[in-house]
Number of protein chains: 2
Amino acid sequence: MTTIYDIAQLSGISKSTVSRVVSGNGYVSEAKRKRILKAMHDLDYVPNQTAKNLRRQHSNTLGFLVSDYFPLVGEFMNVFVQAAHAKGYNVNLYFTQNKQGEREALDLLATKMLDGIFLMTRINSWSVIESYQAFGPIATWHRVNLPDIYSAYLDHYPVYTMILNRLLAHGYTHIGHVFSSNRDANTQARVRALQDFGHANPGLKLSWQKHFTHQTQAGQNAAKAWLQERIPPQAVICYSDHVAAEFIATLREGGKRVPQDCLVIGTDNSQVAKLVGFPTVDLCFRQQAQNSFNYLFNQLRNAELPVQSLHPKWVDWGPFPQVKN
Amino acid sequence: MTTIYDIAQLSGISKSTVSRVVSGNGYVSEAKRKRILKAMHDLDYVPNQTAKNLRRQHSNTLGFLVSDYFPLVGEFMNVFVQAAHAKGYNVNLYFTQNKQGEREALDLLATKMLDGIFLMTRINSWSVIESYQAFGPIATWHRVNLPDIYSAYLDHYPVYTMILNRLLAHGYTHIGHVFSSNRDANTQARVRALQDFGHANPGLKLSWQKHFTHQTQAGQNAAKAWLQERIPPQAVICYSDHVAAEFIATLREGGKRVPQDCLVIGTDNSQVAKLVGFPTVDLCFRQQAQNSFNYLFNQLRNAELPVQSLHPKWVDWGPFPQVKN
DNA sequence: TTGAAAGCGCTAACAG
DNA sequence: CTGTTAGCGCTTTCAA
């Protein structure tokens with residue numbers, strides 16, 4: 001492997017001058033620059049990023065942590081990584097299966113092996129995560145109210161209310177719900193929205209509610225429960241598009257028609273909603289990914305990239321029929 | 001940030017001894033080890049990976065390069081990253097939008113910023129990619145026959161023949177094809193399989209063929225073309241599940257029934273096939289991801305992790321009806 | 001079993 | 001404009 005020293009030797013110029021042309025900092029005479037460039041070319045010189053990182057005490061690398069893969073991760077990551085690359089940042093991916101693994105990844109912040117971290121999904125408590133913030137900026141997808149951690153969240157309370165109102169306007173009076181873990185602040189917001197809606201509209205049947213901690217098979221299990229009911233809900237709101245898609249697939253396997261027998265609604269506007277064809281709400285995850293990167297970048301470089309507000313909206317990839325009684 | 005030096009100071013023991021307990025190499029007396037451990041704990045010591053990497057001339061990090069995101073990337077990467085983590089490797093993700101970007105990522109091999117590379121999708125010619133192999137192992141998803149680059153490929157010729165035969169057995173005589181770029185060796189294999197099949201079975205209509213370089217909207221555009229036909233194919237084989245799903249969605253939007261009006265077949269066995277519900281062929285991408293990592297690991301560590309052979313098989317997530325005339 | 005010392009490849013004062 | 005010098009934090013001989 002050829003180093004800065006080799007090219008200094010070959011060109012008969014000092015290491016530091018070579019460094020100047022490699023890094024582009026400082027003045028170098030045209031003559032010497034030419035000779036150095038030639039030597040670099042002749043020797044196939046490639047700068048050693050690791051040495052550079054050690055010296056500069058940062059890596060131009062961001063960590064993207066998820067505890068588990070689920071379909072939206074790929075789509076989200078895609079936006080995040082593109083944004084990062086556009087600004088010269090690399091991203092390191094970590095599937096943190098447990099507390100220990102998550103801490104190890106977080107530890108990398110302390111030595112600037114990672115300059116900043118995006119947490120799509122967390123395992124450790126916020127208090128331990130927060131303690132790492134001293135070493136570098138942290139952004140998260142989760143809804144959380146911490147002074148030093150940026151959260152790309154969108155409040156699900158009004159979104160859920162919006163969904164319920166539309167359902168009501170279309171004549172639905174028996175509505176089921178598939179929620180994520182109650183630990184999640186936005187799940188709590190949804191549940192609250194549901195309660196308030198129930199009080200405001202007495203007489204509706206809203207009690208069919210399922211909670212799932214993991215996306216794996218949540219849709220399938222919820223649909224199986226639906227199929228068992230003597231009088232199942234006319235519509236079911238799922239906490240993610242993937243769950244909705246799986247719910248629909250399982251219902252159809254069970255011989256039911258969607259949306260005729262049950263209208264299923266997702267909340268992501270991910271690719272699968274379009275493919276399977278059901279109504280969903282765009283929760284702006286693409287903008288959230290961009291915002292998260294922008295926040296991290298702004299912290300790191302003292303910049304002012306825009307962090308835009310989010311405007312959820314309906315995306316009807318499938319029919320939203322009036323209920324027939 | 002506390003370093004090995006700080007804890008040497010605090011405990012009154014030399015740097016090198018501290019290093020021994022941190023890295024776990026070499027003998028250290030129990031007494032000193034205890035004191036050092038205590039100091040490490042008191043000072044919240046976190047080893048500096050960058051310094052370690054510079055010194056050891058490797059990073060325990062693999063590069064995962066893709067030119068563009070497409071849905072299978074997420075699922076594939078999931079398996080690859082999990083496999084890597086299980087063996088103590090991290091993975092760095094690169095979306096290499098152009099030749100330049102791909103080379104920059106490949107360059108990282110030279111300095112062991114990256115110990116090995118997996119190429120899901122490439123941009124530069126194989127000859128330039130091959131030249132990097134001197135710096136570290138390279139594996140790829142593409143089908144390519146290069147002595148020094150591992151390719152996780154599965155031969156699509158027999159797979160395509162298998163699909164055609166099943167279609168024929170079910171009475172299909174007019175079969176359409178959505179292919180990827182002809183540059184791809186496995187696309188060429190599919191086309192050859194089709195030609196040979198046509199010769200062996202004269203009288204079939206097999207000429208409806210579309211080629212797409214990118215997955216984005218391939219399914220949609222192909223379906224639009226299908227909808228224009230006076231006598232469209234009874235079945236269409238798509239080169240990926242995502243393309244198949246989009247094809248189906250567009251057909252349905254156009255008022256057609258699937259599979260009644262057109263049987264659509266995918267080839268991935270990705271999540272979307274299950275969700276949308278259509279027949280697909282498992283091309284074992286999960287095993288391919290595992291194999292790719294295992295190959296890289298074997299090269300790097302002179303190990304013998306199994307690189308297993310691939311056995312494609314039908315997965316009917318949706319009906320495969322007999323054709324009715 | 002331990003410490004001193006050299007050095008991985010690069011950058012950035014500093015002095016000239 | 002350029003060279004000398006001193007490290008970044010860690011590992012690893014080598015000698016004690």
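The values are calculated or read from the model by the stated rules, or taken from the named source; none is laboratory data. Computed from a predicted structure; not experimentally measured. Neighbour counts run over all protein chains shown; Cβ positions are idealised from the backbone, glycine included. Just the protein is used for accessible areas: all its heavy atoms, side chains included, with ligands, DNA and RNA removed. Shrake-Rupley method; radii C 1.70, N 1.55, O 1.52, S 1.80 Å.
Might you report the magnitude of the Cβ-based charge dipole of chain B about its Cα centre, with Lys and Arg at +1 and Asp and Glu at -1, to the nearest 20 debye? The calculation lands at about 480 debye. In this structure, the pairs whose alpha-carbon distance is over 19 Å, taken from B:LYS274/B:LYS313; A:LYS52/B:LYS112; A:LYS15/B:LYS52; A:LYS313/B:LYS256; A:LYS112/B:LYS99, are A:LYS15/B:LYS52; A:LYS313/B:LYS256; A:LYS112/B:LYS99.
With helices as the sole contributors, chain A gives -14000 deg cm²/dmol at 222 nm; each DSSP H run of n ≥ 4 counts as -39500 (n - 2.57), and the sum is divided by every residue. Put a plus charge on the Cβ of each Lys and Arg, a minus charge on the Cβ of each Asp and Glu, and nothing anywhere else: the dipole of the protein assembly as shown about its Cα centre is then about 620 debye. Charged neighbours of A:ASN60, selected by a Cβ distance under 11 Å, balance to +4 (K, R count +1; D, E count -1). With every protein chain in place and a 1.4 angstrom probe, the accessible-area ranking of B:SER207, B:SER270, largest first, reads B:SER207, B:SER270. Along the axis of the charge dipole computed for the protein assembly as shown (Cβ charges of +1 for Lys and Arg, -1 for Asp and Glu, origin at the Cα centre), the listed residues B:HIS211, A:ILE13, B:VAL178 are led at the positive end by A:ILE13.
Please give the average number of partner chain Cβ atoms lying within 10 Å of the Cβ of each residue in B:1-7, rounded to a whole number.
Numbers: counts 5, 2, 1, 0, 0, 0, 0.
That average works out to 1.
Distance between the pseudo-spin-label points of A:HIS41 and B:LEU305 (7 Å out from Cα toward the beta carbon): 4.1 nm. Highest mean packing first, where packing is the average number of other Cβ atoms within 10 Å per residue, the peptides A:7-18, A:282-293 line up as A:282-293, A:7-18.
Ordering A:ALA105, A:MET120, A:ALA223 by Cα displacement along the dipole of chain A toward the positive end leaves A:ALA105 in first place; charges were set at the Cβ atoms of Lys, Arg (+1) and Asp, Glu (-1).
Other residues whose C-beta falls under 15 angstrom from the C-beta of B:LEU10 contribute a net charge of +3, scoring Lys and Arg +1 and Asp and Glu -1.
Simple rule: put +1 on each Lys or Arg Cβ and -1 on each Asp or Glu Cβ in chain A, find the dipole, and look at A:PHE297, A:ALA31, A:HIS311; the Cα lying farthest toward the positive end is A:ALA31.
Rounded to the nearest 0.05, what FRET efficiency do A:ALA185 and A:LYS99 have when you use their Cβ-Cβ distance and R0 = 22 Å? Could you put the intermediate results ahead of the total?
Numbers: r = 20 Å, r/R0 = 0.91.
The value I calculate is 0.65.
Overall, the anisotropy analysis places the protein assembly as shown in the oblate class: the square-rooted eigenvalues a ≥ b ≥ c of its C-alpha gyration tensor yield a/c not less than 1.5, with a/b not exceeding b/c. For the peptide A:41-51, the mean number of other protein chain Cβ atoms found within 10 angstrom of a residue's Cβ is 5.
Counts of other chain beta carbons within 10 angstrom of each beta carbon in peptide B:59-68 average 1.
Just add up the charged neighbours of B:LEU164: K/R +1, D/E -1, any other residue whose Cβ is under 11 Å from the Cβ of B:LEU164. Don't skip to the answer; put the middle values down first.
Values: positive: B:ARG166, B:ARG190; negative: B:ASP196.
Net charge in that neighbourhood comes out at +1.
When only the Cβ of Lys, Arg, Asp and Glu is charged (+1, +1, -1, -1), the dipole of region A:156-283 relative to its Cα centre reaches about 240 debye.
Annotation note: chymotrypsin sites (Phe, Trp or Tyr not before Pro) in region B:1-58 located in DSSP loop regions with a Cβ neighbour count of at most 10 within 10 Å are B:TYR27. Take B:GLY101, push a point 7 Å out from Cα through the beta-carbon direction, and compare it with the same point in every other copy: 2.7 nm, smallest first. Taken along the Cα-to-beta-carbon direction at a fixed 7 Å, the label points for B:MET1 and A:TRP314 span 5.2 nm.
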